[in-house]
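The values are calculated or read from the model by the stated rules, or taken from the named source; none is laboratory data. Here the structure is a predicted model, which means the values were calculated and not measured. Cβ placement follows ideal geometry from the backbone for every residue including glycine, while neighbour counts extend to all protein chains displayed.
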Amino acid sequence: MGNGPAAQVAPALDHPFDFAWTTSKGFGSTEIESAGDPTLLPSAIGTLRMNAWSLGEGASLIDPGLDLNQQINIKGTKITKQNILVIRAGVSSPTQVCCDGAGTYGESAGNYRLRMYCSQGDSCTVTYGTGQQRMGLSPIITEGRLRSILVGQKTPPQVERFLEGRGVDLTTTPGVSLAMNRIVEQIRHHPFNGAMESVYLQGKVYEMLAVALADLTDNLDGTKRLVGPDQQRAMIVRDMIMADLANPPPVEILAKQVGLSQRRLTEVFRDIFGMTVFEWLVQQRLDLARDLLLNSDLSVKEIAFRMGCAHIGSFTSAFSRRFSTPPASYRRKL
């Protein structure tokens, strides 16, 4: 994210959630509490990457990722007395979610979640499968910060009660939102660093909030924001590419498989993600390469090969353009 290293800043909120994990066999973080942070995973189970940005008092943004060798369940329990609003979008793999009072439902690239946590001890458990995946880019906003953002604005009844301290736990999972997907992609691939990055991310979080509240209003009105079949096909292409970043099918084959012309697929993909299919693929490969540099012992040459690059020179040039430093220097610096 950005041209420099991903931010590693403690969220502005004072640990609003307590996290714990368990495997399908019952082994979990409580078994290794003495090791410290319960979000840390034993290497045999996998690794967790956590990018976090403070966006001023009462607001933060997190973008965690997993690389798992086995299925796990991660449970987040609200431990703060403050009411918290969380938006969770941009998951890369289908997951199963079980929230207190909301039952069990599925998450995928085709929806996002808005959750109002109003009860201390309220929790959600998410089941993650094996492999690499994004856990969801999530703004976390307190009731007080949200009130200052929305002063003078007309809001849905649930949000009004939330702002007045009379809210009840609420979970909504709107369907495919092109606007929300576009914002997630813009956040994950923005070009800013330092103070400008904070300003940019704060604006994008406000934009995410505006889209989520509009979708919530649509649901209350009994209407549904329509997504055309071409946009849905483009999302399918995105998932097909994510399934094999190193060797995805050629664009013309992908277009044919979803019933679009190559030109139309490019148009729709650019509308959703702000870039062509090839540009998006390059971005995803380089982001994965960065993760491998930071979280594996693979050599630069091995990583370049895994990214589908036959020549290490072309990989080094592309990585340097994306992150403003060659891959070997990037690893040493961090």
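Among the residues of segment 79-106, those that are touching an Asp or Glu at 6+ places or on another chain (Cβ under 8 Å), in a strand (DSSP E or B) and among the polar types (S, T, N, Q) comprise 95, 96.
When you go through (1) more than 30 Å from residue 240 (Cα to Cα); (2) crowded, with 20+ Cβ neighbours inside 10 Å one by one for residue 128, which number turns out not to apply? Among (1) more than 30 Å from residue 240 (Cα to Cα); (2) crowded, with 20+ Cβ neighbours inside 10 Å, the lone unmet condition for residue 128 is (1).
Contact map, segment 59-82: residues that are farther than 21 Å from residue 148 by Cβ paired with residues that are hydrophobic (A, V, I, L, M, F, W, C) and not in a strand (DSSP E or B), Cβ distance under 7 Å, separation 6+ or inter-chain. Pairs shown: 64/135; 65/135; 66/135; 68/45; 69/44; 69/45; 70/45; 72/45.
Suppose the filter is modelled with pLDDT of 80 or more, of a type in the set (Gly, Ala, Ser) and either touching a strand residue (DSSP E or B) at 6+ places or on another chain (Cβ under 6 Å) or outside the structural domain of residue 115 (by TED's automatic domain parsing) (or both); does residue 210 pass it?
Taking the combined requirement at face value, the residue does not satisfy it.
The single residue among 155, 142, 77 that is among the hydroxyl-bearing types (Ser, Thr, Tyr), out of contact with any strand residue (DSSP E or B) (no Cβ under 8 Å at 6 or more places or on another chain) and more than 25 Å from residue 288 (Cβ to Cβ) turns out to be 155.
Taking residue 237, is it of a type outside the set (D, E, K, R), at pLDDT 80 or above and in contact with a strand residue (DSSP E or B) (Cβ under 7 Å, 6 or more places away or on another chain)?
Values: of a type outside the set (D, E, K, R): yes; at pLDDT 80 or above: yes; in contact with a strand residue (DSSP E or B) (Cβ under 7 Å, 6 or more places away or on another chain): no.
When the stated conditions are applied, residue 237 does not pass them.
Can you pull out the strands (runs of 3 or more DSSP E) entirely within segment 107-192 that have at least 1 residues that are at pLDDT below 85, under 16 Å from residue 215 (Cβ atoms) and in contact with a helix residue (DSSP H, G or I) (Cβ under 9 Å, 6 or more places away or on another chain)? Working first, answer last.
On the way: elements: 113-117, 123-128, 131-134, 138-142, 170-172.
Fully inside segment 107-192 and qualifying: 170-172.
Considering only segment 79-102, state which residues are among the small types (Gly, Ala, Ser) and more than 12 Å from residue 173 (Cα to Cα). If the condition is that a residue be among the small types (Gly, Ala, Ser) and more than 12 Å from residue 173 (Cα to Cα), then 90, 92, 93, 101 are the ones that fit.
Run down 271, 291 and say which single residue is surrounded by 15 or more Cβ atoms within 10 Å (Cβ to Cβ), acidic (Asp, Glu) and either in the same structural domain as residue 318 (by TED's automatic domain parsing) or in contact (Cβ under 8 Å) with a residue 40 or more places away in the chain (or both). Steps first, answer last, please.
Values: 271 fails: surrounded by 15 or more Cβ atoms within 10 Å (Cβ to Cβ).
Among 271, 291, only 291 is surrounded by 15 or more Cβ atoms within 10 Å (Cβ to Cβ), acidic (Asp, Glu) and either in the same structural domain as residue 318 (by TED's automatic domain parsing) or in contact (Cβ under 8 Å) with a residue 40 or more places away in the chain (or both).
The single condition among (1) under 23 Å from residue 22 (Cα atoms); (2) in contact (Cβ under 8 Å) with a residue 60 or more places away in the chain that residue 106 does not meet is (2).
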